[in-house]
Amino acid sequence: MESQFRAVIHQKIVDSQAAQLPALTRRDVWLPGVKGKATAVIGMRRSGKTSLLLQILADRHAAGLARDGLLYFSFEDERLAGMQLADLDLLVEAFYSLHPGWRDARRACFFLDEIQLVPGWEMFARRILDSENIELFISGSSARMLSREVATSMRGRAMEAVVTPYSFREALRHAGLEPALPADRLTKAERSLLGRALTDYLTCGGFPEAQGLDSRNRTELLRDYVDVLLLRDVIERHNLSQPQVLRWMVQQLLGNAAGAFSINKFHGDLKSRGVAVSKDTLHSLLAHLEDAFLMSSIAVATDSVRRRQVNPRKIYPVDTGLIALFDRSGKANTGHALETVVWHELRRRGFEPAYVRTEAGFEVDFLVRSTAGDEALIQVCALIDDPATLAREVRALQDAAALLPHASLHLITLDVPSGLQLPADVQLHRAADWLLALPGVGL
């Protein structure tokens, strides 16, 4: 069997290094850069992890690293079925037998995709970091490459690069519409085009394979994504005895995107239906869904651990395209989709958002703090044409500002009505412009 693996591995290396690098939509994923650490590329299924590995490989090559020192190797191959930990040494042996000049003298770069298919891969990864002159990138399906498991398995030897569906800028880039100039230098027609593109993005989302599909095909594709994730990454992985409860929870969470979710309330609803399930189980299910990257939750901004525990969490799906699958209202839900997109953009910019609830009952969507200690309160509202709506959003910001007097105040909306008057301390942002702002420019 070893000789069979040896021949397959040798041929895969030769074929991989001879293959022309594909033309891919460039991703803006943040990559860690700590010497001696592997980079674990993680994220929801079908979000583009393999494409990112190939992008990094191409970048290394463009920066001057010879092609024979760059190895992309996928373990998702039926010829490698049954590989064990000891067989992974064949990969290193085959590489250096083909390229002996790279041993010790020069630093090669390995991109190992779907490596979780080999039991015990973590020990192999740690060993080559210690014993070989290799820069290591690893990735795989989220079922066995969950963020907390990579951190545990690699014992502090890996850092994470999280891949999500396309951002608005990446979706524009994929469609050949990414603007080359800042927003304030675009023509009125170009700005209008961006506004329409954002409206489409809020509906269709950013999964790479869903780009350009009609509504029916997109719906079926995204539904299949969710079904596979629930079955493989949650139900089978955690051996759940009540999968229907999980599906009810997903319906509740994704059907109320950007809304509040209370385990206590959901538990009460299940109890009224005669469904016996513990609150601890429900907490575990929510954690499993977050681990599988289907959604994320944020807590209320407070220094009190108890208050964070008793207040509902706000839920954001991994992609706005999933909202229509579960929302039974029949409405476009543009406001919730825009808030979800803003949340993801804040995370891409390195923030850890929380939401604010004031004593007067007002709520501000996001509070973020920079590493320098600067604070910002951000309210998201799709449409502010109605004076009453605008007054409510501004009042919430000002009420929260009384608690956080050093925070800057921001209102993000799809379009800015002409002649709009706002308090001097509230900064108004057109959503398309804000989403396309370059890193380091403003908020």
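The values are calculated or read from the model by the stated rules, or taken from the named source; none is laboratory data. In this text, all values refer to a predicted model and were calculated from it rather than measured experimentally. Here the Cβ positions follow ideal geometry from the backbone for every residue, glycine too, while neighbour counts run over all protein chains shown.
Numbers for the structure displayed
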{"read-out": "Residue that is surrounded by 14 or more Cβ atoms within 10 Å (Cβ to Cβ), closer than 22 Å to LEU198 by Cα and of a type in the set (D, E, K, R), where the choices are ARG237, ARG218", "value": "ARG218"}
{"read-out": "Residues within the range 274-283 that are in contact (Cβ under 8 Å) with a residue 24 or more places away in the chain and polar (S, T, N, Q), tallied", "value": "1"}
{"read-out": "Single unsatisfied condition, ARG60 versus (1) in contact with a helix residue (DSSP H, G or I) (Cβ under 7 Å, 6 or more places away or on another chain); (2) over 30 Å from ASP227 (Cβ atoms); (3) not in a loop (DSSP other than H, G, I, E, B)", "value": "(1)"}
{"read-out": "Helices (runs of 4 or more DSSP H) enclosed by the range 100-179 - at least 3 residues per element that are at pLDDT below 90 and either buried (at least 18 other Cβ atoms within 10 Å of the Cβ) or not charged (D, E, K, R) (or both)", "value": "147-153"}
{"read-out": "Per-region count, the range 360-393, residues part of a strand (DSSP E or B) and not polar (S, T, N, Q)", "value": "12"}
{"read-out": "Single match in PHE293, PHE266 (criterion: under 18 Å from ASP327 (Cβ atoms), among the aromatic types (Phe, Trp, Tyr) and in the same structural domain as CYS381 (by TED's automatic domain parsing))", "value": "PHE266"}
{"read-out": "Subset tally (residues that are charged (D, E, K, R) and either at pLDDT 95 or above or closer than 22 Å to ASN311 by Cα (or both)) for the range 325-346", "value": "2"}
{"read-out": "Of all residues making up the range 251-274, the number that are touching a Phe, Trp or Tyr at 6+ places or on another chain (Cβ under 8 Å) and either assigned to a helix (DSSP H, G or I) or of a type in the set (Val, Ile, Thr) (or both)", "value": "5"}
{"read-out": "Verdict on ILE235 being assigned by TED's automatic domain parsing to the domain that holds ASP327, of a type in the set (Val, Ile, Thr) and either in contact with a strand residue (DSSP E or B) (Cβ under 8 Å, 6 or more places away or on another chain) or in contact (Cβ under 8 Å) with a residue 12 or more places away in the chain (or both)", "value": "no"}
{"read-out": "Residue in the range 86-93 that is over 32 Å from the mean Cα position of the chain (by Cα) and surrounded by 14 or more Cβ atoms within 10 Å (Cβ to Cβ) present", "value": "yes"}
{"read-out": "Test: residue in the range 73-96 that is modelled with pLDDT of 95 or more, of a type in the set (Gly, Ala, Ser) and closer than 30 Å to GLU345 by Cβ", "value": "no"}
{"read-out": "Subset of the range 96-118 [farther than 15 Å from LEU136 by Cβ and of a type in the set (A, V, I, L, M, F, W, C)]", "value": "LEU98, ALA105, LEU117"}
{"read-out": "Qualifying residue in the range 61-74 (condition: crowded, with 17+ Cβ neighbours inside 10 Å, of a type in the set (A, V, I, L, M) and closer than 30 Å to LEU221 by Cα)", "value": "no"}
{"read-out": "Near pairs, Cβ below 9 angstrom, 6+ apart or cross-chain, from the range 304-331 (free of Cβ contacts under 8 Å to residues at least 60 places away in the same chain and over 21 Å from LEU198 (Cβ atoms)) to any residue that is among the charged types (D, E, K, R) and not in a helix (DSSP H, G or I)", "value": "ASN311/ARG357; LYS314/ASP365"}
{"read-out": "Scan of the range 6-30 for residues that are among the aliphatic types (A, V, I, L, M) and surrounded by 15 or more Cβ atoms within 10 Å (Cβ to Cβ), ordered by number", "value": "VAL8, ILE9, ILE13, LEU24, VAL29"}
